[in-house]
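What follows is one structure encoded as structure tokens, with my remarks underneath.
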Amino acid sequence: MAFLHKPVLFHETVDGLNIKPDGVYIDCTLGGGGHASLVLSKLTTGKLICLDQDMDAIENAKKVLAPYEGKFELVHTNFERVGEVIRELCPDGIDGAMIDLGVSSHQLDTPERGFSYHHEAELDMRMDTEAPLTAKLVVNTYSQSDLCRILSDYGEEKRASAIARAIVKAREIKPIETTLELAEIIKSAFPPKERFEGKHPARRSFQAIRIEVNRELDIIPKTLDQLVSGLKKGGRLCVITFHSLEDRVVKECVKGYTNGCTCPRDFPVCVCGFRPSLINLTRKPIVPSKQEEEENPRSRSAKLRIAEKC
């Protein structure tokens, strides 16, 4: 299957990087190469380092980015190891970095990847197909209390307790193997009148399990720390999120870099020694235009935050 992924906030993100033709940049989430292609088109002697934990994305980029041969380097790794990449490939620092925290359209639309509750597939949900933890392991081995916590914290699912109980009851009979099997079990935890109202009842639970499998929220602060440390003065950081949990983590991280003073508010001067490392350039996040939302419905929940190293 061709690697198809329509980048969101396309020009807004690349414009936010304030590209210098001779600069060094990192795309932490290569995906279909859309943002990367636009960055590369603006470089002359500069360089773009592209990271992705999905080998499908890496292989696809060899073709998509071929016109810019010599200006980019592809690295198959999770963005949580971006600090190692910076030390190895750009030891003098970087002029900017972008990171798209969403699941790629390719992953969602490839049934065998096990992300979708609309298609029959083995429970997987790994963005990195070489990672050890799968959705099948989560669903069949986690305790009822842990399942409830994940569904509640990562999916903000009001029926987390009932769904966790239904999963444990079902797996006592036989292991839960497929996406549609899990979707039906989740649906059974809802009152009949709610099962066919609005969005699919498994939507939040699948999101929660996917976040757990890929440790999506846990690795954001660590990744941002490494990127901020690697940025040169004036370098830009652009982060795209797709749900409130991600955005909340990013917002709090940026706040810590820009206003981490721990002194009581009534102190006339700061005595804690805090020095900001970022300037927040987006007090309110940038969101897609109405036109983009119509052309790409998956962009509707996207938010872009931009900060600059000071």
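So in the range 246-274, with the set limited to residues that are charged (D, E, K, R) and surrounded by 10 or more Cβ atoms within 10 Å (Cβ to Cβ), which one is nearest to residue 232 (Cα to Cα)?
Checked the range 246-274; the qualifying residue nearest to residue 232 (Cα to Cα) is 255.
Please give the number of the condition residue 25 fails out of (1) closer than 21 Å to residue 286 by Cβ; (2) more than 22 Å from the chain's Cα centre (by Cα).
In the conditions (1) closer than 21 Å to residue 286 by Cβ; (2) more than 22 Å from the chain's Cα centre (by Cα), residue 25 misses (2) alone.
Of the residues that sit in the range 70-94 and are open to solvent by 20 Å² or more (accessible area, probe 1.4 Å) and in contact with a Cys (Cβ under 8 Å, 6 or more places away or on another chain), which one is nearest to residue 127 (Cα to Cα)?
Result: 79.
Of all residues in the range 250-296 being outside any helix (DSSP H, G or I), β-branched (Val, Ile, Thr) and at pLDDT below 95, which is nearest to residue 14 (Cα to Cα)?
262
Which residues, counting only those in the range 16-41, are assigned to a loop (DSSP other than H, G, I, E, B) and at negative phi?
19, 20, 21, 22, 23, 28, 29, 30, 32
Restricting to the range 235-245, count the residues that are of a type in the set (Gly, Ala, Ser) and either open to solvent by less than 40 Å² (accessible area, probe 1.4 Å) or over 30 Å from residue 97 (Cα atoms) (or both).
Result for the range 235-245: 1.
Kindly indicate whether residue 14 is surrounded by 19 or more Cβ atoms within 10 Å (Cβ to Cβ), under 25 Å from residue 308 (Cβ atoms) and not polar (S, T, N, Q).
yes
Yes or no: the range 75-88 includes at least one residue that is assigned to a strand (DSSP E or B) and at pLDDT 95 or above.
yes
Residue 102 passes all but one of (1) touching a residue at least 60 places away in the same chain (Cβ under 8 Å); (2) under 29 Å from residue 82 (Cβ atoms); (3) in contact with a helix residue (DSSP H, G or I) (Cβ under 6 Å, 6 or more places away or on another chain); which number fails?
(3)
Yes or no: residue 45 assigned to a loop (DSSP other than H, G, I, E, B) and either within 21 Å of residue 240 (Cα to Cα) or open to solvent by less than 10 Å² (accessible area, probe 1.4 Å) (or both)?
no
Taking the range 146-167 only, how many residues are surrounded by fewer than 16 Cβ atoms within 10 Å (Cβ to Cβ) and over 26 Å from the mean Cα position of the chain (by Cα)?
1
Would you point out which residue out of 177, 197, 184 is open to solvent by 30 Å² or more (accessible area, probe 1.4 Å) and in contact with a strand residue (DSSP E or B) (Cβ under 8 Å, 6 or more places away or on another chain)?
Only one candidate qualifies: 177.
Scan the range 95-122 for residues that are open to solvent by less than 40 Å² (accessible area, probe 1.4 Å), touching a Leu at 6+ places or on another chain (Cβ under 7 Å) and of a type outside the set (Ser, Thr, Tyr) and jot them down.
96, 97, 98, 106, 114, 115
Return the residue satisfying two criteria in turn: it lies in the range 203-227 and is among the basic types (Lys, Arg) and assigned to a helix (DSSP H, G or I), and of such residues it is least open to solvent (accessible area, probe 1.4 Å).
The qualifying residue least open to solvent (accessible area, probe 1.4 Å) is 210.
Consider the range 165-202. How many of its residues are among the hydrophobic types (A, V, I, L, M, F, W, C), assigned to a helix (DSSP H, G or I) and farther than 20 Å from residue 214 by Cβ?
6
Does residue 125 satisfy being in a loop (DSSP other than H, G, I, E, B), open to solvent by less than 30 Å² (accessible area, probe 1.4 Å), closer than 24 Å to residue 223 by Cα and touching a residue at least 60 places away in the same chain (Cβ under 8 Å)?
Spelling it out, residue 125 is indeed in a loop (DSSP other than H, G, I, E, B), open to solvent by less than 30 Å² (accessible area, probe 1.4 Å), closer than 24 Å to residue 223 by Cα and touching a residue at least 60 places away in the same chain (Cβ under 8 Å).
Identify the residue in the range 276-303 that is open to solvent by 40 Å² or more (accessible area, probe 1.4 Å) and in contact with a Gly (Cβ under 9 Å, 6 or more places away or on another chain) and, among all such residues, is farthest from residue 108 (Cα to Cα).
Looking at the filtered set, the residue picked out is 276.
Among the residues of the range 237-244, are any modelled with pLDDT under 95 and in contact with a helix residue (DSSP H, G or I) (Cβ under 9 Å, 6 or more places away or on another chain)?
Within the range 237-244 (the criterion being modelled with pLDDT under 95 and in contact with a helix residue (DSSP H, G or I) (Cβ under 9 Å, 6 or more places away or on another chain)), the answer is yes, since at least one residue qualifies.
The values are calculated or read from the model by the stated rules, or taken from the named source; none is laboratory data. Treat the numbers as computed from the prediction; the structure is a model and nothing was measured. Note that we place each Cβ from the backbone using ideal geometry, even for glycine, and neighbour counts take in every protein chain shown. Quick note on the areas: whole protein, heavy atoms, side chains included, nothing else; ligands and nucleic acids left out. Shrake-Rupley method; radii C 1.70, N 1.55, O 1.52, S 1.80 Å.
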